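Quick notes on the structure that follows.
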Amino acid sequence: MSAYFLQQLLNGLMLGSLYALIAIGFSMIYGIVRLINFAHGDLLMVGAFTTLGLAATGLVPWWAIAFLVLITGALSGIAIERVAIRPMRGAPQVTGFIATLAVSVVIENGGLILLSGQPRTFLFPEIMRSRVTVGPASVAAVDLVIIGSTLLLCVLLLLFVRGTRLGRAMRALADNLLAARLMGIDVDRTIMAAFAIGSAFAAFAGLLWGGRFGQIDPLIGFAPGLKAFVACVIGGVGSIGGAVLGGYLLGLAEVMFVGMLPPVYSGYRDAFVFATLILVLLLMPNGLLGRPEEDRA
Amino acid sequence: MSTLPFLPGPRAALLVVAAVAVVAFADLHLSAYAVTLLSLVLLNVALAVSLQLTNGLTGLFSLGHPAFMTVGGYVAAILTYPVRRKGFMMPDLPGWLATAQWDLIPATLAGATVAALLAVIVGVAVLRLKGHYLAVATLGLIVIVRVVINNLDGYTRGGLGLSGVPRLTGPWEVLIFTLLTVGLVWRIKHASLGRAMMAMRENELAARCMGIDAFALKLLAFVLGAFLAGAAGALTVHLVSVITPGAYGIPLAFSLVVMVVVGGSGSITGAALAAVAISLLAEFARPLEEGLELYGLSQVLVALGLILVLRLRPTGLFGSREPAAFRPVRVPGVGR
Amino acid sequence: MLTLAELEVRRGATRVLRGIDLEVRRGEIVALIGANGAGKTTTLHAISGLLPVQAGRILLDSEEGEPLRLDRMPATEVVARGVIQCPEGRQLFAGLTVLENLLLGAYRRSDREEVKRDLARMAELFPVLGERRGQNAGSLSGGEQMMLAIARALMARPRLLLLDEPSLGLAPQMVDRIFETILALNREGVTMLLVEQNALAALEIAHRAYVLETGRIVRSGPGSALLDDPRVRAAYLGLGT
């Protein structure tokens, strides 16, 4: 394996990890409430600015920042669900979608008002920025941290949804709402938990995103959020495994697209991602791991 | 007794006369700023009403209007651009385009047609799927269009945008376009085509059981909406004389959706009124935002207002209806 | 054990139940029969707390003495009180395994050891479920799915089991097996309210039965008596007088 190829592979895995972290939340939430949460990408911004704020104090150790970012993301997700999604339950699907669109506008423009549109810099500690040699290639330590922490979170999530009572309730709710209610599952609480977990992941992706790319602004979440949705569609909306798979495939494809083609085309990167979306929708609307969509009673 | 669907009620006719009078008055007595503002408000009315066709009547959820406006705007601008400056501004244009300098109307039609063709491609891919896929795909389309125009800088000057587009659009052109758009959507809504669209919005399965070709109907609504949006984009560019790749983006998509939802999905009157109100609100909030340095305030207010409307009056101000005064006249003895 | 008193339920603008009275005593199988749209499923959904009750009461005997008002409880509480529904069309978690379906049946229980024992019991009662515990529920045959639906309900240790159309869509031998199972469970002490289109089979095993017509109870009595009732025979059993 050439050093160049390995380098590209690691870049793709890094980007794919970030997409996967965001896509997981999209899919969990879609699976349960059958709704695309438009404001989901903005939680990346919330996570990034929470990190910036906490790091700027210089008092909070990084492990505590990571923990607090997860908590902030979870609370933001719960707030979104309460304000914009729970009241719309029972309304046509489009109503809920528009409501989350409105929430996204509030978060982004609220961010512009409170934080100004000026990009800000934040840096991970020195050790994260050092270079590490992997075989013939050399990568920033932060890339390995991103890949490693994503895999860790995925494994924890897998254990949670497979092995715990609440995780099982979430899957049951996504599978059959009526039956879930008949089992005595508390629907509101379970939906809230799904929002909390999915949103915490997205906020954590914001921490990683900011640290990796160094600059953040209030609109930073939009494009990654939309791309993570593309990842969901590739993997099959509603499937957590599909979201992870789609995230990595999209990250790798995007990096390969930029890395393998002549530089003239690299400006078309985002167009490539969304063209992929339209192509996937055309050819395999259920994605790789998704189940055919049937309406729930 | 039957109704003539395309004849507006007498009060709607009055409204048309009033609109003509307002434009005439503005054209003769008001400042250039006021005339441009009035034209932009009218264009927003046309955009909201054309989105009403796609989203309101047919129940699709497209966010693609800004993409179609951008495409229509750029195509038309390239066609009308003064030939002597084309070589400098757009060096990569093929010969026949480099020497062409069209009039406003053919250029607008060309822009609208290209936008409609783009809608066909996207529509065929996405309209068979559930509603929200269209929303995300059209959002992706906004990004694709922006990126492509940014990168085709030999044709479009890329991120710099095209300035110095001839000011060919006046308030009268805008008024005629807006009246045509409203009239067309009105006529569709009150004909069997519109009833088929609304039937599909309410219950697609039932509509299909009645022999309605759901896919063809959705595609028609989507493509027609894109055509009108492309034309609106072309007219706007020749009104403000400049276009950039990001000029019509996601904030505009959101504003248009708000106009449709707040006005009431399917209500032409509602969308038109909401378009006027929200355009003026944004315009008057601008000095406030600049004074207080609170950019984005009007968007936040509009979004919060939308959430309130969705919670308190989910069908919008007018539901799917038109006010009684504007309903079609009943003409005794005409028809069956 | 369960008493419905002048129960009224609407769905949208329609009054589906127009004041029904019904009683299930401990140890009984009570059948509720009626045509499509008479309100049978609505009755069960109202008991389970899935539909709001407009008027009347749903009372459940409790150990503490005072009967409980189920009509004021959310679904989660009703399940916690041991009133368990096995719904029409089985409503399994098709994408989850057999074992997970059974565990979800015991969702409101915290006695882990007992749950384990009940899992073993289900495997004894329905050997096929034991063999297929790792398989997705959606991959089972119709009859196996019905057994799983019953087993899942039993995992909740029901004081009162609400069975909605257990024979629906099953092959005739399967229907016999399901009804045998229902009888066997009843002999072990499970009280049941059974909703059925297959009125003949239901009346044969029921201690008592009610006939529901457009939201009202029009007949009631011991199962055998209704089997002999000429009107019931004509309308629901397809038998002449």
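Taking Cβ atoms as reference points and 11 Å as the exclusive limit, the residues near C:Gly215 contribute a net charge of +4, counting Lys and Arg as +1 and Asp and Glu as -1.
Considering the convex hull of the alpha carbon atoms of region A:88-146, report its projected area averaged over all viewing directions, in nm², one decimal. Before the final figure, lay out the partial values.
Values: hull surface 30.8 nm².
If you wrap the Cα atoms of region A:88-146 in a convex hull and average its projections, you get 7.7 nm².
Against chain A, whose longest principal axis is taken from its Cα atoms, helix A:187-213 shows a tilt of about 10°. Spin-label model, A:Ile78 to B:Glu202: label points 7 Å out along the Cα-to-beta-carbon direction sit 4.2 nm apart.
Fully extending the segment from A:Leu158 to A:Ala91 would add 20.9 nm, taking 0.36 nm per residue of separation and subtracting the current Cα-Cα distance.
Look at the stretch A:229-238: the mean tally of other chain Cβ atoms within 10 Å of its residues' Cβ atoms is 2.
Normalising the Debye intensity of region C:2-236 to I(0), with uniform scatterers on Cα atoms only, and taking log10 at q = 0.08, 0.09, 0.10 Å⁻¹ returns -0.28, -0.36, -0.45. Within the full protein context, the accessible area of A:Ser149 is estimated at about 20 Å² for a probe radius of 1.4 Å.
A DSSP coil position with no more than 16 other Cβ atoms inside 10 Å describes the following trypsin sites (Lys or Arg not before Pro) in region B:129-234: B:Lys130, B:Arg167.
Across all Cα pairs in chain A, the calculated P(r) in 5 Å bins from zero up to the longest distance comes to 1, 6, 11, 16, 19, 17, 14, 9, 5, 2, 1, 0 percent per bin. Note on region B:212-274: Cα Rg divided by 2.2 N^0.38 Å, N the number of residues, gives 1.32.
Charge dipole (Cα centre; +1 on Lys/Arg Cβ, -1 on Asp/Glu Cβ; no other charges) of the protein assembly as shown amounts to roughly 780 debye.
Excluding same-chain neighbours fewer than eight residues apart, the aspartates and glutamates reachable from B:Lys189 by a Cα-Cα span under 12 Å are B:Glu322. Chain A packed on chain B takes about 3400 Å² of accessible surface away from a 1.4 Å probe, both sides summed.
Under a 1.4 Å probe, what is the accessible area of region B:94-137 per residue, stated in Å²?
Numbers: 1960 Å² over 44 residues.
So region B:94-137 comes to 45 Å² accessible per residue, rounded to a whole number.
Ignoring lysines fewer than eight residues from B:Lys130 along the same chain, the ones with Cα atoms less than 21 angstrom from its Cα are A:Lys227, B:Lys218. Note on B:Val124: accessible area approximately 60 square angstrom, rounded to 10, probe 1.4 Å, nucleic acids and ligands left out. Estimated at the nearest 10 Å², the accessible area of B:Ser265 is 50 Å² with a 1.4 Å probe.
Considering only B:Pro91, B:Gly164, B:Ala214, whose Cα is most displaced toward the positive end of the charge dipole of chain B, charges sitting on Cβ of Lys, Arg (+1) and Asp, Glu (-1)? Farthest towards the positive end: B:Ala214. Computed from the C-beta positions of A:Ala141 and C:Ala171 and an R0 of 56 Å, the FRET efficiency is 0.30 to the nearest 0.05.
For the pair C and A, the buried accessible area comes to roughly 2000 Å² in total, with a 1.4 Å probe and the value rounded to the nearest 100.
For region A:237-261, the residues whose amide N sits under 19 Å from a probe point set 7 Å from the Cα of A:Val134 along the beta carbon direction are A:244-260. The GluC sites (Glu not before Pro) of region C:166-209 that meet both conditions, a loop assignment by DSSP and at most 13 other Cβ atoms within 10 Å of the site Cβ, are C:Glu188. Net charge dipole, region A:3-221: roughly 480 debye, given to the nearest 20, about the Cα centre with Cβ charges of +1 for Lys and Arg and -1 for Asp and Glu.
Need one word for the protein assembly as shown: rounded, prolate or oblate. Basis is the Cα gyration tensor (sqrt eigenvalues a ≥ b ≥ c); a/c below 1.5 gives rounded, then a/b vs b/c decides. It would help to have the intermediate numbers written out before the result.
Details: a/c = 2.40, a/b = 1.46, b/c = 1.64.
Oblate.
Taking Cα atoms, how many degrees apart are the long axis of helix B:104-126 and the longest axis of chain B, rounded to 10 and kept between 0 and 90? The two axes meet at around 70 degrees. FRET efficiency for the C:Leu200 to A:Arg165 pair, using the beta carbon distance and R₀ = 51 Å, is estimated at 0.75. Note on B:45-58: average number of Cβ atoms from other chains within 10 Å of each residue's Cβ is 0. Relative to the longest principal axis of the Cα atoms of chain C, the long axis of helix C:142-154 makes an angle of roughly 90 degrees.
Once you have the Cα-Cα distance between A:Met256 and A:Arg120, take 0.36 nm times their residue separation minus that, and quote the gain in nm to one decimal.
Values: separation 136, 0.36 × 136 = 48.96 nm, distance 2.87 nm.
Gain on stretching A:Met256 to A:Arg120: 46.1 nm.
Taking the mean number of other Cβ atoms within 10 Å as a proxy for protection, how do you rank A:132-145, A:206-219 from highest to lowest?
By packing density, highest mean first, the sequence is A:206-219, A:132-145.
In region B:119-142, burial by the other protein chains removes 40 Å² or more of accessible area from B:Ala125, B:Leu129, B:Lys130, B:His132, B:Tyr133, B:Val136, B:Leu139, compared with the chain on its own (1.4 Å probe, ligands and nucleic acids ignored). Of the solvent-accessible surface of region C:84-188, computed with a 1.4 Å probe and all protein chains present, 49% belongs to carbon and sulfur.
Let me confirm one metric for peptide B:309-317, namely the mean number of other chain beta-carbon atoms within 10 Å of its residues' beta-carbons. Each step should come with its number before you reach the end.
Details: counts 2, 9, 7, 1, 0, 8, 2, 0, 0.
Mean number of neighbouring Cβ atoms from other chains: 3.
Projecting the Cα atoms of A:Ala66, A:Gln7, A:Val155 onto the dipole axis of chain A, where Lys and Arg carry +1 and Asp and Glu carry -1 at the beta carbon, places A:Val155 farthest toward the positive end. Note on C:Glu77 and B:Ser241: the model spin-label points, each 7 Å out from Cα along the C-beta direction, lie 7.2 nm apart. Whole Å is fine, so just give me how far the alpha carbon centre of region C:145-213 lies from that of region A:22-97. Going from one Cα centre to the other spans 45 Å.
Here the simple spin-label model places points 7 Å from the Cα toward Cβ, and for A:Arg189 and C:Ala225 these points are separated by 4.5 nm.
In chain A, once you exclude exposed GluC sites (Glu not before Pro) (DSSP loop, at most 16 other Cβ within 10 angstrom), what's the longest stretch remaining?
Values: sites that count: A:Glu293, A:Glu294.
Result, exposed sites excluded: A:1-292.
The values are calculated or read from the model by the stated rules, or taken from the named source; none is laboratory data. Keep in mind that what you see is a predicted model, and the values were worked out from it rather than measured. Note: ideal-geometry Cβ built from the backbone for every residue, glycine included; neighbour counts use all protein chains shown. Please note that ligands, DNA and RNA were not included when accessible areas were found on the heavy atoms of the full protein model with its side chains. Shrake-Rupley method; radii C 1.70, N 1.55, O 1.52, S 1.80 Å.
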